[in-house]
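Everything below concerns the one structure shown next.
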Amino acid sequence: MTRRIVAVTAGLSQPSSTRLLTDQLTAAVTAQVSARGEAATVEVIEVRELATDLAHLMTTGMASARLDAARELVSSADGLVLVTPVFSASYSGLFKMFVDALSPDALTGMPVIVAATAGTPRHSLVLDFAMRPLLTYLRAVVVPTGVFAATEDFGGGEAGSGLASRVRRAASELAALVVAESGAVAGFAEDEQDREPVRPARSSGVGLGSVTPFEQLLAGHRG
């Protein structure tokens, strides 16, 4: 089966660090999906190319054909990669306009990576204080690892290595949601050390063998 990964990138220049991070993430997601025995296609939506269409929609309520096509891409995706530059300690207005243009149910249950770029690491909390709440409100399933990249992260060295690790981890988490774990090829997944350990289900009782049930403790106390 071929999985469709859609990336929404809201960089304003060309080239941009936002698009660079987007490309790194989509390449990593494709590799992780392939490692699980399935194929992946990637579609990239450059939001800046829809700026006029979005403004027209906001002021007239009428959507253009290419904006409708972009919204359909998002709705039909198996997984999303959302990347924005940081403006005034939050996601960009252009990014928010695109999200506002989506159907209220477009992202329900959708696996999503949130990512952002800025000139300084001081803005890294934008992922947890702006992007994650927005996507949670829209009922998307946001992977645990968000990816923030400052200008220095693209220069190689220790900072670049840290970014690469975060990209791999987020991609692995998204691929695990996009591809059912039962369909993964055993021993084929890359970068096992970057994957989060699977938490045992609470109902399974795993790890609770040494704990005495409360009812039993209470009965012993009464006796």
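Brief remarks on what is shown
- For ALA140, the amide hydrogen comes within under 5 Å of the amide hydrogens of GLY109, counting only partners 5 or more places away or on other chains and with H modelled in the peptide plane.
- Accessible surface for the stretch 1-131, divided over its residues, is 43 Å² per residue with a 1.4 Å probe.
- A protection proxy built from the mean count of other Cβ atoms within 10 Å ranks the segments 83-94, 59-70, 20-31, 100-111, most packed first, as 20-31, 83-94, 100-111, 59-70.
- FRET efficiency, 1/(1 + (r/R0)^6) with R0 30 Å, evaluated for ARG122 and ARG4 via beta carbons: 0.30
- Scattering profile of the stretch 10-120 at q = 0.14 Å⁻¹ [log10 I(q)/I(0), Debye over alpha-carbon scatterers]: -0.60
- In sequence order, calculated HN-Hα J values of the stretch 90-97 (Karplus, 6.51, -1.76, 1.60; Hz; x Gly/Pro): 8, 5, 6, x, 5, 4, 5, 4
The values are calculated or read from the model by the stated rules, or taken from the named source; none is laboratory data. Note that the coordinates shown come from a computational prediction; the quantities given were computed from them, not determined experimentally. Don't worry about glycine lacking a Cβ; one is built from the backbone with ideal geometry, like all the others, and counts go over all protein chains shown. Ligands, DNA and RNA are excluded from the accessible area calculation, which covers all protein heavy atoms including side chains. Shrake-Rupley method; radii C 1.70, N 1.55, O 1.52, S 1.80 Å.
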